[in-house]
Amino acid sequence: MVKHTGENYYISTAIAYASGKPHIGNTYEIVLADSIARFRRMQGYQVYFQTGTDEHGQKIENKAEEKGCTPQQYVDDVAAEIHRIWDLMNTSYDKFIRTTDAYHVRQVQKIFKKFYEQGDIYKGHYEGWYCTPCESFWTDSQLVDGKCPDCGRPVTRAKEEAYFFRMSKYAPRLIEYINEHPEFIQPVSRKNEMMNNFLLPGLQDLCVSRTSFKWGIPVDFDDKHVVYVWLDALANYITGLGYDADGNSSEEYKKFWPADLHLVGKDIIRFHTIYWPIFLMALGEPLPKQVFGHPWLIQADGKMSKSKGNVIYADDLVSLFGVDAVRYFVLHEMPFENDGVISWELMVERLNSDLANTLGNLVNRTISMSNKYFGGIVENRNADEPVDDDLKAVVTATAGRVEEKMKGLHVADSITEIFALFKRCNKYIDETMPWALAKDEAKKDRLATVLYNLAESITIGASLLEPYMPETTERILSQLNTKKRDYADADKFGLYESGTKVTDKPEILFARQDLKDVMEKVEEIRAKQKGASGEAASAESGKADDASAKAGEEKQEIHIEPKDEITYDDFAKMQFAVGEVLECREVPKSKKLLVSQIKFGDQTRQIVSGIKKWYKPEEMVGKKVMCLINLKPAKLAGLESQGMILAAEDSEGNVTLMTPEKDMPSGAGIS
């Protein structure tokens, strides 16, 4: 394998908004970024990994007032909690920036003034709809059912004096840049969304200051205004490196900028691929090489709610399963583009099958047999047989496969490749049957070679696993009494030192969990959440309105109205397949319909569906959906529909599309 010694690599997460404790969906991003940073270090890169907290804005000012403390005291507490969780998850960041840090505040003021002096910012008045949680302004046409199009929450009418940034001045240049750098926005569906919905229709000037609240960075030449939180927050990627708007940037900045990767949630990709690049153009600085908008990790049984007691936090998961089990789950269960699902039940299933059985049992069996048959001495006696060749081929090819997956940020697939190695080792044990070899003294050399091949294979697999499960790697290699394999040698077989003595007592890496026992502990966690939620509500002195009370109620059980029974022959007549949405648009004059062009293998079909209330056209592009494709074509709103997209509906009428659990090719059959 090729090492990248001396090459620099800068990766960042979006800084976490300091409005409250992050749940596991928020925590996923820092773990994902950490796995990429660790993998790059393993390849030999000199990595700079930055994360932090976004601490200004009206929402935080409001929360501090509710709590009866200053905004600074409020963000100090929340930032400390975020810092604790990031450390709990064993993330190896190099810099934790806070937007209340004095050096950041000063540079944002200088940047704002520079924009103003060069004519990129002008003063005017803003009137429109404002979403406090998203810190975003919207026009009438952008609202969805009168609510924020990003988060679905209520918006309020706002009118105030503000400074505006001339976005249109730089839009043509940004469009040209995106066209010339197809790798800049990933996945491709996110790029299409930004181009088609924002840039090509024409970019509006952006509000970059506020006067209706005070908790923000003051505009130093106009003290009525504070800098709009997004301009403030986005600048962290350069201020944390030592950027100086006066031209005296640090050597670290010169070394690592432009960033190789901004890793952000898909909901904030617009800010990072339109506003941020334009700000950088105005500063005369190079653009980041890539922005990746990752999908969400969502709760299996619906939206997380503190009042329901169903919010899943990283520290609760760790208390039951351990850090590396949680890291494994959130990294392995997230598809490249589609949202991933988490639940306590799924955690138990993956821990028992993948971690306890496939990996833990493999390591335990190998070390136990080495102790039982050879006193713990692992020796290569070169008694190879043809069955060994396939094992070695799989093991030596794994590093290349992992590298290829990581090159495209297919992190879940890279872990799958490593576990394919471990599964091949388990199969090798079944093929060679060491317990049978041990009964024949004449096959002692063969038995020793089999156990050596297993120890070497596990060493390579464990070394490749380090970016994703660092503690597990250390524990495995410690039991094998060896060091992590250098990345340059990860595709070479036979470097485990013959004659090495493994540990006398193999450690159980992952103990199997009983679902019933786990769920009893989960109920205790949920009870505490509900209790904390109740205390908070009480402290509000009855401020919660009927709507918020209703939001805390459990959904009603769904009553299934039985239909006539069908035979298997009836079912067999229906043809289901996985389709990939290539294009999607609204049906003119329809409040319910979207029309999609969906690829099924070597053919494309047009399907009209009544999902406009729950999905925007740009969200559909790139999705893999499950469809009925031999439904007789029908005309809907004057358009021919050549199939049906499958969806689920709850008791409140909320609809979600049925998508494959793992990435499947378009045209894959469903049975």
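The values are calculated or read from the model by the stated rules, or taken from the named source; none is laboratory data. These numbers come from a predicted model, not from an experiment. Cβ coordinates were reconstructed from backbone atoms using ideal geometry, including for glycine residues, and neighbour counts include every protein chain displayed.
Tabulated data for the structure shown
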quantity: Filter pass, L241 being within 22 Å of V105 (Cβ to Cβ), part of a loop (DSSP other than H, G, I, E, B) and of a type in the set (A, V, I, L, M); calculated: yes
quantity: Some residue of region 50-69 being among the hydrophobic types (A, V, I, L, M, F, W, C), in contact with a Lys or Arg (Cβ under 6 Å, 6 or more places away or on another chain) and modelled with pLDDT of 95 or more; calculated: no
quantity: Restricting region 648-660 to residues that are touching a residue at least 60 places away in the same chain (Cβ under 8 Å) and not small (G, A, S), the residue that is farthest from E337 (Cα to Cα); calculated: E652
quantity: Some residue of region 258-276 being among the aliphatic types (A, V, I, L, M) and more than 23 Å from the chain's Cα centre (by Cα); calculated: no
quantity: Condition met for R401 (in contact with an Asp or Glu (Cβ under 8 Å, 6 or more places away or on another chain), part of a loop (DSSP other than H, G, I, E, B) and not aliphatic (A, V, I, L, M)); calculated: no
quantity: Residue ID - farthest from I60 (Cα to Cα), chosen from residues in region 176-186 that are surrounded by 15 or more Cβ atoms within 10 Å (Cβ to Cβ) and touching a helix residue (DSSP H, G or I) at 6+ places or on another chain (Cβ under 9 Å); calculated: I178
quantity: Pick from region 168-195, criterion among the hydroxyl-bearing types (S, T, Y) and at pLDDT below 95, ranking: farthest from A282 (Cα to Cα); calculated: S189
quantity: Members of region 639-653 found to be surrounded by 14 or more Cβ atoms within 10 Å (Cβ to Cβ) and either in a loop (DSSP other than H, G, I, E, B) or not aliphatic (A, V, I, L, M) (or both), listed by number; calculated: S641, Q642, G643, L646
quantity: Residue check, Y275 touching a Leu at 6+ places or on another chain (Cβ under 7 Å), part of a helix (DSSP H, G or I) and within 27 Å of Q204 (Cα to Cα); calculated: yes
quantity: Some residue of region 105-117 being among the hydrophobic types (A, V, I, L, M, F, W, C), touching a residue at least 60 places away in the same chain (Cβ under 8 Å) and in a strand (DSSP E or B); calculated: no
quantity: Residue that is loosely packed, with under 11 Cβ neighbours inside 10 Å, part of a loop (DSSP other than H, G, I, E, B) and either at pLDDT 95 or above or at positive phi (or both), where the choices are S498, S541; calculated: S541
quantity: Residue in region 153-168 that is touching a His at 6+ places or on another chain (Cβ under 9 Å), touching a residue at least 24 places away in the same chain (Cβ under 8 Å), surrounded by 17 or more Cβ atoms within 10 Å (Cβ to Cβ) and in a strand (DSSP E or B) present; calculated: yes
quantity: Condition check for G461: under 28 Å from Q43 (Cα atoms) and either surrounded by fewer than 15 Cβ atoms within 10 Å (Cβ to Cβ) or touching a Phe, Trp or Tyr at 6+ places or on another chain (Cβ under 7 Å) (or both); calculated: yes
quantity: Residue match in region 182-192 (condition: touching a strand residue (DSSP E or B) at 6+ places or on another chain (Cβ under 7 Å), part of a helix (DSSP H, G or I) and farther than 17 Å from I111 by Cβ); calculated: yes
quantity: Options A235, A162, A171; residue that is over 29 Å from H294 (Cα atoms) and aliphatic (A, V, I, L, M); calculated: A162
quantity: Neighbours by Cβ (under 7 Å, 6+ apart or cross-chain): first from region 577-588, without any contact (Cβ under 8 Å) to a residue 60 or more places away in the chain; second outside any strand (DSSP E or B) and of a type in the set (V, I, T); calculated: V581/V621; E583/V621; C584/V621
quantity: Residue, surrounded by the most Cβ atoms within 10 Å (Cβ to Cβ), within region 1-54, restricted to residues that are aromatic (F, W, Y) and touching an Asp or Glu at 6+ places or on another chain (Cβ under 7 Å); calculated: Y10
quantity: Count of region 501-517 residues which are farther than 17 Å from D324 by Cβ and either surrounded by fewer than 17 Cβ atoms within 10 Å (Cβ to Cβ) or within 27 Å of the chain's Cα centre (by Cα) (or both); calculated: 8
quantity: Answer from M626, M664 - the residue that is over 24 Å from V144 (Cα atoms) and not in a strand (DSSP E or B); calculated: M664
quantity: Any hit, region 425-437, residues being closer than 27 Å to H4 by Cβ and buried (at least 22 other Cβ atoms within 10 Å of the Cβ); calculated: no
